[in-house]
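As C-alpha cells, the structure follows; a few thoughts come after it.
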Amino acid sequence: MENVRGAMVDAVRGVGDVASAAVDAVSGTLVTALRGVREITTEATALIFDTVRGVIQGASDVGQDLTKAARGILIGVIRATRETGTETMGAVSATAGAVVKSTAEVGGDLAGVARGAVEGAIEGAKEIGLSAEDAASAAASGAVKAAGELGGTAVEQVRNAVTGTISGVKVILREPFRGEDEEK
C-alpha cells in the first residue's frame with residue numbers, strides 16, 4: 001500500500017490530474033495483482049482494498065479532490081478486470097466499498113466519493129462495452145454496504161448520494177448491497 005500511496009503522490013505532483021493518476025495507479029497495480037484471479041475472493045478484495053487505500057491516502061496527502069480520485073479508481077479497476085479476466089461487477093462493488101472506507105479513514109466526503117465511484121463505474125463500463133446500469137448498481141451497492149459498516153449517518157449520506165440518475169444512468173440499489181450476488 002505504501003508503494004501505491006507514494007506512486008500516487010508522485011503522479012499527482014507530476015501530472016496534477018488526480019483522476020488520471022488514480023486510473024493509472026489502480027489499473028497498473030491491479031493488473032499485476034489480479035492476474036489469474038477470476039472471482040472476487042477474500043484475498044482479491046484485500047488486494048483491491050489495499051490498492052484503493054493507497055490511492056485515497058496519496059490523493060489526500062497532496063490535497064487532491066477525493067471525488068475525482070474515486071472516479072479514477074473505478075475506471076482503473078474496470079480496465080484492470082478487462083485485462084486480467086477478473087469478474088468485473090464483484091470488483092466494482094468491492095472497489096466502491098473500499099473507496100468509502102478509505103475515505104472515512106482520512107476524514108473525507110463520503111457522499112462525494114460514493115457518487116464519484118458510481119460515475120467512474122459508469123464511465124469505465126461504457127469504455128469497455130459493459131452495462132453501465134449494472135456497473136452503477138454494483139458500485140452504489142458496494143458503497144452503501146461499506147457505509148453501513150461504518151455506522152452513524154454514513155449510510156444515509158451515501159445512499160442519498162448514489163440513488164437516482166447519475167451521468168444519465170438510473171442507479172438501482174440492490175439489497176442486501178452485495179454486488180457479486182446480482183450477477184446475471
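Coordinate-derived values only; no laboratory data. The model shown is predicted, which means the values in this text are computed figures rather than measured ones. Cβ: placed from backbone, ideal geometry, glycine included. Neighbour counts: every protein chain shown.
Descriptive notes on the structure:
- Residue with peak Gaussian network fluctuation, the chain [Cα springs, cutoff 10 Å], from Val26, Val118, Val52: Val26
- Two tests apply to each whole DSSP H helix in the chain, Cα reach of 20 Å or more along its axis and mean Kyte-Doolittle hydropathy of at least 1.0, and the ones passing both are 18-34.
- Residue among Gly97, Gly108, Gly129 with the largest mean-square fluctuation in a Gaussian network model of the chain, springs linking Cα atoms under 10 Å: Gly129
- At R0 = 41 Å, FRET efficiency that the Cβ-Cβ distance of Thr165 and Asp10 yields, to 0.05: 0.65
- Candidates Thr86, Thr153, Thr29: whichever shows maximal mean-square fluctuation once the chain is modelled as a Gaussian network with Cα springs under 10 Å: Thr153
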